[in-house]
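The values are calculated or read from the model by the stated rules, or taken from the named source; none is laboratory data. Just so we're clear, the structure is a prediction, and the values are computed from it rather than from any experiment. Here the Cβ positions follow ideal geometry from the backbone for every residue, glycine too, while neighbour counts run over all protein chains shown.
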Amino acid sequence: MKDNQKFYVKKVLLYSAFLAFLSPAGIAAAQNVNPAPNVASNQAADIVNQRQQMRQETMKQLGLNEEQKQKLDKIQGDHAALIQAVQLKLIESRKGLKQELDKYTADKATLDKHLQEIKQLDGQLMDARVQNIQDTKSVLTEEQFGKLQQVETDRRKQFQDMMQAKQPPPAAAVPAAELPKVTDKPKEKDKPKEKAKDKKAK
């Protein structure tokens, strides 16, 4: 049961993140809340351009009319603003929790306060993401929603394949024929000389 819950939570997170790129506001918010570390401004601009291009391609694949585009822009814009506000609060709560944990004599009441805040904010994020998916479905036809799911699956697979291609190849295994053979029986020459002397004495 727990594994199923983790799967659905992960699915909601991935799908909601993908939906954010259906609107310009979602792209901008994602860039502002989660800026890539140590990325030059021109590289950051390239990332935004790539996301905007992905949005245009997705819109085209779904065959959205102007009314649908406007509705989705508003849904994703409102969602992005809500997610950004909650995530900023979450960052502060986690920072406060870490600062208290770093103390040798941490105050239990303060720890409990930060933990409760983090749990509530995490719940708000999940509620917002589920509602975002439902609101998006209300704008799309069943056929368009099916296409959207397929696009999300294909993009995720492309990303996974790209990440795997960047990983170094595993070290080559040593062939079994080249491994040293281990025998339980000691060779005759390896037997202690004392045993040979005992035989002669007998």
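For the structure I just gave you, tell me whether His79 is touching a residue at least 40 places away in the same chain (Cβ under 8 Å) and in a helix (DSSP H, G or I). Walk me through it before giving the result.
Working: touching a residue at least 40 places away in the same chain (Cβ under 8 Å): yes; in a helix (DSSP H, G or I): yes.
It is true that His79 is touching a residue at least 40 places away in the same chain (Cβ under 8 Å) and in a helix (DSSP H, G or I).
Please verify whether the stretch 56-78 includes one or more residues that are small (Gly, Ala, Ser), over 17 Å from Leu148 (Cα atoms) and at pLDDT 85 or above.
Of the stretch 56-78, the ones small (Gly, Ala, Ser) are 63, 77.
Filter again for over 17 Å from Leu148 (Cα atoms), leaving 77.
Applying the additional criterion that residues be at pLDDT 85 or above yields 77.
Yes - at least one qualifying residue is present in the stretch 56-78.
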Long-range neighbours under 8 Å by Cβ, at least six apart or interchain, first residue under 18 Å from Gln131 (Cα atoms) and touching a residue at least 24 places away in the same chain (Cβ under 8 Å) within the stretch 57-73, second of a type outside the set (Val, Ile, Thr) and not in a helix (DSSP H, G or I): Gln68/Leu140; Leu72/Ser23; Leu72/Leu64; Asp73/Ser23
Any hit, the stretch 88-105, residues being surrounded by 15 or more Cβ atoms within 10 Å (Cβ to Cβ) and at pLDDT below 85: no
